[in-house]
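The numbers here are math on the coordinates, done by the rules we state, and not lab data. Since the structure is predicted, the reported quantities are computational estimates derived from the model, not experimental observations. Neighbour counts run over all protein chains shown; Cβ positions are idealised from the backbone, glycine included.
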């Protein structure tokens with residue numbers, strides 16, 4: 001697995017830049033990852049990111065956009081405002097999780 005340096009620390013990533021070891025993630029790294037893709041995190045962003053992490057820990061896979069909407073209680077429209085264009089992919093990237101199934 002490739003290793004890259006983000007926010008002065010080395011992390012394992014895949015060819016698309018997604019973390020391959022979710023245990024390497026913390027909120028400081030999440031902030032750095034968000035900055036890399038041009039997102040300034042606020043409380044609503046963190047609500048979504050923390051839901052993804054909690055759901056991943058419980059289920060072993062990255063939740064889909066629909067799951068974040070239904071189980072996380074965050075409307076789809078809001079997710080597109082918070083994470084423009086590809087919210088599921090961007091949320092997973094910032095949360096240090098694998099890209100959700102079905103995400104291109």
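Structure notes:
- As a rough footprinting exposure proxy, the listed residues 33, 41 were ranked by other beta carbons within 10 Å of their own, and the order from fewest upward is 41, 33.
- Distance cut-off 21 Å, percentage of C-alpha pairs in segment 3-95 lying past it: 27 percent
- Folded to 0 to 90 degrees: helix 27-36 orientation relative to the chain principal axis, Cα: 90 degrees
- Taking segment 10-104 and dividing mean pair separation by its residue count, relative contact order in percent (alpha carbons under 8 Å, at least six apart): 36 percent
- Residue exposure proxy: 64, 5, ordered by other Cβ atoms within 10 angstrom of their Cβ from fewest to most, comes out as 5, 64.
- Residue exposure sequence - 11, 68, 3 - by fewest surrounding Cβ within 10 Å: 3, 11, 68
- For segment 1-51, the equivalent ellipsoid derived from the alpha-carbon gyration tensor has semi-axes of 20, 11, 10 Å in decreasing order.
- Gaussian network model of the chain, Cα within-10 Å springs - most flexible of 21, 43, 55: 43
- GNM result for the chain, Cα springs below 10 Å: residue of 90, 47, 77 fluctuating most strongly: 77
- Report summary: the helix-based calculation at 222 nm, which adds -39500 (n - 2.57) for every DSSP H run with n ≥ 4 and divides by the residues of the chain, gives -13500 deg cm²/dmol.
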